[in-house]
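Q: This is the structure I want to talk about, given as structure tokens.
The values are calculated or read from the model by the stated rules, or taken from the named source; none is laboratory data. Just so we're clear, the structure is a prediction, and the values are computed from it rather than from any experiment. So basically every Cβ, Gly included, is an ideal-geometry build from the backbone, and we count neighbours across all protein chains shown. Calculation scope for accessible area: heavy atoms of the full protein, side chains included, ligands and nucleic acids excluded. Shrake-Rupley method; radii C 1.70, N 1.55, O 1.52, S 1.80 Å.
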Amino acid sequence: MGHRHVTGQRGERLAARMLEKEGWTILSRRWRDGPRELDLVAVREGVLAFVEVKTRRRGTPQEVLASVTPGKRREVELAAGAWLRRYRSGAGESDPDPGPVRRIRFDV
């Protein structure tokens, strides 16, 4: 496993911990739909968040946001659509249940 992969996984764990401390429930981690991946899917008080985690050793928040290209945004949107189709259409017993969702957002 490469250094970048290990750093990315560490960033995802830290992001999940931070969200949980803020009252979010993590429904999925590194969820895949073919070649697409959602880093984290979380829910809190009717808000469902699809979270793209970017881990950097240095750089400004603006630089990190800029690293999420229009193509990457589209991939996350497509993966989010697949996640919603799977889990909001009669999820199985072991599938995460987002409960009633009033709002959906995308976070970096």
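Q: For the chain, take the longest principal axis of its alpha carbons; what is the angle in degrees between that and the long axis of helix 3-21, to the nearest 10 within 0 to 90?
A: Approximately 50 degrees, to the nearest ten.
Q: Which residues make up the longest stretch of the chain that has no GluC sites (Glu not before Pro) in a DSSP loop with at most 16 other Cβ atoms within 10 Å?
A: 46-92
Q: Let me ask another. Counting only protein heavy atoms and using a 1.4 Å probe, what share of the accessible area of the chain belongs to carbon plus sulfur, as a whole percent? Don't skip to the answer; put the middle values down first.
A: Numbers: 3480 of 7210 Å².
Its accessible area is 48 percent carbon and sulfur atoms.
Q: Report relative contact order for the chain in percent, whole number only (criteria: Cα-Cα under 8 Å, sequence separation at least 6).
A: Dividing the mean separation by the residue count of the chain yields 28 percent.
Q: Quick one: of the DSSP bridges fully inside the chain, what percent are antiparallel, nearest 5?
A: 70
Q: Moving on to the next point. If you take the charge dipole of the chain about its Cα centre, with +1 on Lys and Arg Cβ and -1 on Asp and Glu Cβ, which of A80, G2, L14 is farthest toward its positive end?
A: Positive-end residue among those listed: G2.
Q: Sticking with this one: Can you give the charge dipole size of the chain about its Cα centre, rounded to the nearest 20 debye, using +1 on the beta carbon of Lys and Arg and -1 on the beta carbon of Asp and Glu?
A: Values: 23 positive and 15 negative charges, 80 e Å.
Charge dipole, the chain, about its Cα centre: 380 debye, nearest 20.
Q: Which value, in Å², gives the accessible area per residue of the chain when a 1.4 Å probe is used on the protein heavy atoms?
A: Spelled out: the 1.4 Å probe surface of the chain, per residue, equals 67 Å².
Q: Could you tell me how many degrees, from 0 to 90 and to the nearest 10, lie between the Cα long axis of helix 70-87 and the main elongation axis, the longest principal axis, of the Cα atoms of the chain?
A: Roughly 30 degrees between the two axes.
Q: Summing -39500 (n - 2.57) over the DSSP H runs of n ≥ 4 in the chain and dividing by its residue number, what mean residue ellipticity at 222 nm do you reach, to the nearest 500 deg cm²/dmol?
A: -13000 deg cm²/dmol
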